[in-house]
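What follows is a single structure, written as structure tokens, with notes after it.
Taken together, the values in this text are just the output of simple stated rules run on the coordinates, not laboratory data. The structure displayed is predicted, hence computed values, not measured ones. Cβ atoms come from the backbone with ideal geometry, glycine included; neighbour counts cover every protein chain shown.
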Amino acid sequence: MLLGHLLPWAAHPTSALTRSGHELSISTNFTPGAGIFLNEWFLLPLWASAVLIALAAASRERGVGRWVGLGLGLLVASLGLPAYPHLLTAYANPDYRLQFFLTLGAFALIVAIALRGPLWTPLHPILVVACAIATAVPLVGYFAVKPFIEALYRGPIGVGAGWWLTLLGVGLLLVSTGAKMSHRIAPKRRIQSSSGANTDPH
């Protein structure tokens, strides 16, 4: 998902007009009419990837690996901050305020995950699925802003490899989480069935 976010979403024959998911998060608010879909939505795959990195690191035993994962998660999330010099006044600037505070929220969640360690079983998959759903939002939203980008470019744009790779990441995340949950639930059902059979008076 992270790689897909950084690769082209808005495909165009001219490389200068090709836009990655990350570039769309910067340019959408400055595209006439495209404000129908906030530019911050395009940063959801970035923040979700950072949280998933933190979750993976937290599943390890306490040690260097966990703190390296924490650092990497924070580094990825920091890409969601407004660029300098807008960063200096982002907290008070309506154009960057939401992006600034959402990135700080991602920081806080990553640190909380790292300090907490492995999450209890039901919460972990819920958070993973939430990351997948959040990442799917801009995948749909791209088609809301696509007509306005085409109007600005005065020509058609395609769906780039980054969009498809992000979609693949979301799909794999949902499938793998579903498979893990089924694997964990199945033994419990077998045990319950076995217990029921042993207590059957007949």
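Would you mind counting up the charge near THR89? Only other residues with Cβ under 14 Å from its Cβ, with Lys and Arg at +1 and Asp and Glu at -1. The answer is 0.
Cβ-to-Cβ counts within 10 Å put ILE36, ILE53 in ascending order as ILE36, ILE53, the fewest first. Just so you know, the Cα atoms of the range 114-184 work out to an Rg and Dmax of 16.9, 53 Å. The LEU104 and VAL68 beta-carbon pair, evaluated with R₀ = 30 Å, returns a calculated FRET efficiency of approximately 0.85. For ASN29, neighbours were defined as the other residues whose beta-carbon sits under 15 Å from its Cβ, and their charges (Lys and Arg +1, Asp and Glu -1) total -1.
The share of C-alpha pairs in the range 2-191 whose separation exceeds 25 Å stands at 41 percent. The label point for VAL175 and the one for ASP95, both projected 7 Å from the Cα toward the Cβ, are 4.2 nm apart.
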